[in-house]
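Notes follow the structure.
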Amino acid sequence: MRLSPASWNLAVKALSSFYQWAAAEGHAPTVPFSYVRQSMTRPDGAHVEVTRNLATVRTGNAHATRKYLEKSCADLLMHALAGNDPAGERDVSFRGRETGRNAAVIGLALSSGLRSQEFTHLTVYEVPPLPRRRTAVPVLLVLAAPTAKGRKGRSTWIGYEGLARVHDYIGWERAAAVEGSRWRPRAPLFVEAPTRDGALINGTRRRWHTLTPAERLRLVAA
């Protein structure tokens, strides 16, 4: 029978505990396992020593074994963010704001698998155009290297529904929110003549994929 790493380790630890008891009680001459002592640092900064059984195997990292939300749970999350009840109808008791932004951004993350840093620093100009016709084939989404993990650019895919929701937000709710806004970040970078590839930023032509996360937070319309 083939066991998963977690099940194997659980069985090995149970056997190890049994043989340690048997050896201590004189029922077994020795423990049939080898151990190694390791030093590790806890999140609070304390150094501790642990004993590892060499018969155990490595398990997957937490982020690699994380499971996706079931569709019913994802739908419930999207309804809540959009200010709707579980059935998708308008919730009159909802007291949040920016519902279009919330649903668009989380829908983008669920559909494309973007990390938090990637969708936080994604500009509206890097969002791929919406196909003219509804399609079951996902749309390619290219991410700039400075915003990706390890500063390594990558590509992912986004479904039509998620992309349409993002475009609705950009064209309606976001456009209304930024119209006439006087907010300016410290040392703003003014954007002029933007295209899918880049723009004039403080008078210098720059491409989006060269902008760092810190620079992206300073972008404003000229």
Got a sec? Which helices (runs of 4 or more DSSP H) wholly within the range 151-222 have at least 3 residues that are open to solvent by less than 90 Å² (accessible area, probe 1.4 Å) and over 21 Å from F119 (Cβ atoms)? none
Under 9 Å by Cβ, and 6 or more places apart or on different chains, what pairs join a residue from the range 173-186 that is touching a residue at least 40 places away in the same chain (Cβ under 8 Å) with one that is open to solvent by 60 Å² or more (accessible area, probe 1.4 Å) and part of a helix (DSSP H, G or I)? E173/R101; R174/R101; A177/R101
I'm trying to understand the selection: among the residues of the range 41-56, which are open to solvent by less than 70 Å² (accessible area, probe 1.4 Å) and either hydroxyl-bearing (S, T, Y) or touching a residue at least 24 places away in the same chain (Cβ under 8 Å) (or both)? N53, A55, T56
Residues satisfying the stated conditions in the range 207-222, i.e. in contact with a strand residue (DSSP E or B) (Cβ under 7 Å, 6 or more places away or on another chain) and of a type in the set (G, A, S): A221, A222
I need a count of the residues in the range 100-147 that are small (G, A, S) and closer than 18 Å to D197 by Cβ. 2
Looking at L163, L200, L217, L189, can you tell me which residue is of a type outside the set (F, W, Y) and under 21 Å from G107 (Cβ atoms)? L163
In this structure, is R101 over 26 Å from A176 (Cα atoms), out of contact with any Leu (no Cβ under 8 Å at 6 or more places or on another chain), in contact (Cβ under 8 Å) with a residue 12 or more places away in the chain and open to solvent by 30 Å² or more (accessible area, probe 1.4 Å)? no
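If we keep just the residues of the range 93-144 that are among the aromatic types (F, W, Y) and either part of a loop (DSSP other than H, G, I, E, B) or under 20 Å from the mean Cα position of the chain (by Cα) (or both), which is nearest to H209 (Cα to Cα)?
Of the range 93-144, the ones among the aromatic types (F, W, Y) are 94, 119, 125.
Add one more test, that the residue is either part of a loop (DSSP other than H, G, I, E, B) or under 20 Å from the mean Cα position of the chain (by Cα) (or both), and what stays is 94, 119.
Numbers: F94: 38, F119: 14 Å.
Among those residues, the one meeting the criterion is F119.
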Whichever residue in the range 81-92 is open to solvent by less than 50 Å² (accessible area, probe 1.4 Å) and among the small types (G, A, S) and, among such residues, is nearest to the chain's Cα centre (by Cα): A82
Determine whether T147 is in contact with a Ser or Thr (Cβ under 6 Å, 6 or more places away or on another chain) and either loosely packed, with under 10 Cβ neighbours inside 10 Å or at pLDDT below 95 (or both). no
Determine whether R37 is exposed (fewer than 10 other Cβ atoms within 10 Å of the Cβ), in contact with a strand residue (DSSP E or B) (Cβ under 8 Å, 6 or more places away or on another chain) and in contact (Cβ under 8 Å) with a residue 12 or more places away in the chain. yes
Just one of (1) of a type in the set (D, E); (2) in contact with a helix residue (DSSP H, G or I) (Cβ under 6 Å, 6 or more places away or on another chain); (3) at pLDDT 90 or above trips up E215, so point out which. (2)
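Out of curiosity, is R95 over 23 Å from A164 (Cβ atoms), in contact with a helix residue (DSSP H, G or I) (Cβ under 9 Å, 6 or more places away or on another chain) and of a type in the set (D, E, K, R)? Show your work before the answer.
On the way: over 23 Å from A164 (Cβ atoms): yes; in contact with a helix residue (DSSP H, G or I) (Cβ under 9 Å, 6 or more places away or on another chain): no; of a type in the set (D, E, K, R): yes.
Answer is no for this residue.
The values are calculated or read from the model by the stated rules, or taken from the named source; none is laboratory data. Bear in mind that the values here come from a model prediction, so they are computed numbers and not experimental data. Neighbour counts run over all protein chains shown; Cβ positions are idealised from the backbone, glycine included. These accessible areas exclude ligands, DNA and RNA; they are computed on the full protein's heavy atoms, side chains included. Shrake-Rupley method; radii C 1.70, N 1.55, O 1.52, S 1.80 Å.
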